[in-house]
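Novice: Sharing a structure here in structure tokens format.
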Amino acid sequence: MAFRDLREFVQLLESHGEVRRVPAELDVRLEIPEVADRVSKRHGPALVFERPVSREAGRSFGMPVAMNLFGSYRRMAWALGVDPQTGDWRDLDVKARELMDKVPLDAPSSLKGKLDALIGLKDLAASGPREVKGSKAPAQQAVLRGHEVDLGALPVLTTWPGDGGPFITLPLVVTRSLSGRLNVGMYRLQVFDERTTGLHIHEHHDGAKNLREWAAAGHETMPVSVALGGDPATIYAATAPVPPMIDEYLFSGVLRSEPVEVVRCVTNDLLVPAHAEIVLEGHVRIGELRREGPFGDHTGYYSLAGDFPVFHVDAITMRSDPLYPATIVGRPPMEDCYMAKATERLFLPVIKAMMPEVIDYDLPLEGVFHNCAIFQIKKEFPGQAFRVMNFAWSMGQMMFTKFVIVVDEDVDCHDYSQVAWRCFNNVDPSRDVLVSKGPLDRLDHASNYESFGFKMGIDATKPLPGEGHLREWPDALEMSPEVKARIDELWEGLGLDS
Ligand SMILES: Cc1cc2nc3c(=O)[nH]c(=O)nc-3n(C[C@H](O)[C@H](O)[C@H](O)COP(=O)(O)O)c2cc1C
Ligand SMILES: [Mn+2]
């Protein structure tokens, strides 16, 4: 059974000793984040801060703050429905294959592929979101409008000392395309005052595409709603590189093997998770921009201030006893790294479907989602490692990848010592390095321009004839099996283990 909401997930974690409750009064400005950072760095438990306060505003908040819920391989796997008793992280590979069967995540290129996709889409309807009435939606137990709307009543964290203000860090931002397709993306919200926030949508993301569509059609406003909480798979789905033609509720429904229950907002017609803790309903005014940031980001640096759309909150709906979910991003390892690792596993079959030579790939935590990808391939023709780089740079959010490293099939791409050994010893920079350019993640601060710059591919595979290496290529060292077997027999007697 899938989790219905965040509190069910917290209960499961609690029953496995994976939650620590913190009863001490701690400030939402920097203190709670510093505790969460230390615990994340130690790969520690999920945290529920029971008494968040703001000394600056002279208030204590009537709701606890939940953090680090996804902050380990185990918890992330459980969030996506892996059985806590019998399963482990590797089950995500199984889940990934199921997903591929159910959702045609790869763009079908052949007619047969198209037909399969259509048939699959019919089955998919059963996984789409299911609308429930407001009276059945815990997210609408309380409705605040007009002067009752006050973002200052939420325990919104300021996570790093140089931040431009407090930020809502785990929001599910719901928008709609003009054709009616919903999109759920995670974009941070800087709280400006009681009723307005920034809306930090990068131009490449689906929410920004929707906004451009509404603007081009001449609308003055676009409805936006933001859910905090909901079931853990839906929270993850908002961060996943789901192709634009598939809405994240449906993706989550497939992950959960159960539809996501949604409810229509009170003041706009967007659908939000019915089991969310808190929902901010509102709109953006087309063309209105405001300075947002800086913000201590998951690169481990501040992302610079920039101009972003403004979210006007028209109503707040919530449970009668809400739990405020938050995360702190920063230098890895942090909670969101495990979300990135889940994406790495869940999207492996998609990558393999498009590049059959790929055996596996790895996104190192230090590369925070988009700065590095290591591909392990079965190389069969000259230039194939370069095909992999070019393909990677053309795929969805993989296009941002700044460093692509390609290794042979006999190298474990998850073992960075093996990868480094091959890179440092096999690579001739004049032959094996490709410097290319294209879109970069908005958060990249090293490139000369925002969201655009250079990338590097490193081919650390053994050159094939026809790739320009004209000398003999030596074998990697390996002891002969007979000698290994003999020494295995003698080993204990040599007394070297003690
Ligand atoms: C904790 C966290 C914070 C994020 N913050 C932002 C953000 O502020 N702006 C943004 O555009 N993407 C942000 N992302 C990345 C997007 O959520 C992610 O790329 C997602 O796939 C975008 O979905 P979309 O293409 O449907 O818009 C964040 C991801 C995580 C895990
Ligand atoms: Mn999307």
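Values in this text are rule-based calculations from the coordinates and carry no lab data. The structure displayed is predicted, hence computed values, not measured ones. Cβ sites come from the backbone with ideal geometry, for glycine too, and all protein chains shown count toward neighbours.
Novice: Report, ordered by the first and then the second residue, all pairs with beta carbons closer than 9 Å, sequence separation of six or more or different chains, a first member in segment 354-379 that is in contact (Cβ under 8 Å) with a residue 60 or more places away in the chain, and a second member that is within 16 Å of ligand 2 (Cβ to nearest atom) and aromatic (Phe, Trp, Tyr).
Specialist: Correct list of pairs: PHE369/PHE400; HIS370/PHE400; ASN371/PHE400.
Novice: Within segment 316-350, work out how many residues are out of contact with any helix residue (DSSP H, G or I) (no Cβ under 8 Å at 6 or more places or on another chain) and surrounded by fewer than 21 Cβ atoms within 10 Å (Cβ to Cβ).
Specialist: Of the residues in segment 316-350, 5 are out of contact with any helix residue (DSSP H, G or I) (no Cβ under 8 Å at 6 or more places or on another chain) and surrounded by fewer than 21 Cβ atoms within 10 Å (Cβ to Cβ).
Novice: For segment 319-354, what are the residues that are among the small types (Gly, Ala, Ser) and either more than 16 Å from ligand 1 (Cβ to nearest atom) or not in a loop (DSSP other than H, G, I, E, B) (or both)? Full working, then the answer.
Specialist: The initial filter retains those residues of segment 319-354 that are among the small types (Gly, Ala, Ser), namely 320, 326, 330, 340, 342, 353.
Answer for segment 319-354, where residues must be among the small types (Gly, Ala, Ser) and either more than 16 Å from ligand 1 (Cβ to nearest atom) or not in a loop (DSSP other than H, G, I, E, B) (or both): SER320, ALA340, ALA342, ALA353.
Novice: Which one of these does ILE487 not meet: (1) part of a helix (DSSP H, G or I); (2) among the hydrophobic types (A, V, I, L, M, F, W, C); (3) surrounded by 12 or more Cβ atoms within 10 Å (Cβ to Cβ)?
Specialist: Of everything listed in (1) part of a helix (DSSP H, G or I); (2) among the hydrophobic types (A, V, I, L, M, F, W, C); (3) surrounded by 12 or more Cβ atoms within 10 Å (Cβ to Cβ), ILE487 misses just condition (3).
Novice: Here is a further query. Return the residues of segment 279-313 that are outside any strand (DSSP E or B) and either within 12 Å of ligand 1 (Cβ to nearest atom) or under 24 Å from CYS265 (Cβ atoms) (or both); say none if nothing qualifies.
Specialist: First pass over segment 279-313, keeping only residues outside any strand (DSSP E or B): 293-294, 297-301, 304-305.
Those that are outside any strand (DSSP E or B) and either within 12 Å of ligand 1 (Cβ to nearest atom) or under 24 Å from CYS265 (Cβ atoms) (or both): GLY293, ASP297, HIS298, THR299.
Novice: A follow-up question, please. Please state which one of VAL263, VAL224, VAL279, VAL242 is more than 19 Å from the chain's Cα centre (by Cα), closer than 30 Å to SER447 by Cβ and crowded, with 24+ Cβ neighbours inside 10 Å. Full working, then the answer.
Specialist: Values: VAL263 fails: closer than 30 Å to SER447 by Cβ; VAL279 fails: closer than 30 Å to SER447 by Cβ; VAL242 fails: more than 19 Å from the chain's Cα centre (by Cα).
The match here is VAL224.
Novice: Still on this model: Tell me which residues, restricted to segment 42-65, are under 28 Å from the mean Cα position of the chain (by Cα) and part of a loop (DSSP other than H, G, I, E, B).
Specialist: Residues of segment 42-65 that are under 28 Å from the mean Cα position of the chain (by Cα), as a first pass: 42-50, 52, 63-65.
Correct list: ARG42, HIS43, GLY44, PRO45, MET63, PRO64.
Novice: Are there any pairs, at least 6 apart or on different chains, whose C-beta atoms fall under 9 Å, with the first in segment 238-250 and closer than 16 Å to LEU348 by Cβ and the second among the basic types (Lys, Arg) and more than 8 Å from ligand 2 (Cβ to nearest atom), and if so, which?
Specialist: Taking only residues 6 or more apart or on different chains, not a single pair turns up.
Novice: How many of the residues in segment 143-200 are within 12 Å of ligand 1 (Cβ to nearest atom), surrounded by 22 or more Cβ atoms within 10 Å (Cβ to Cβ) and either on the phi > 0 side of the Ramachandran plot or over 21 Å from the mean Cα position of the chain (by Cα) (or both)?
Specialist: 1
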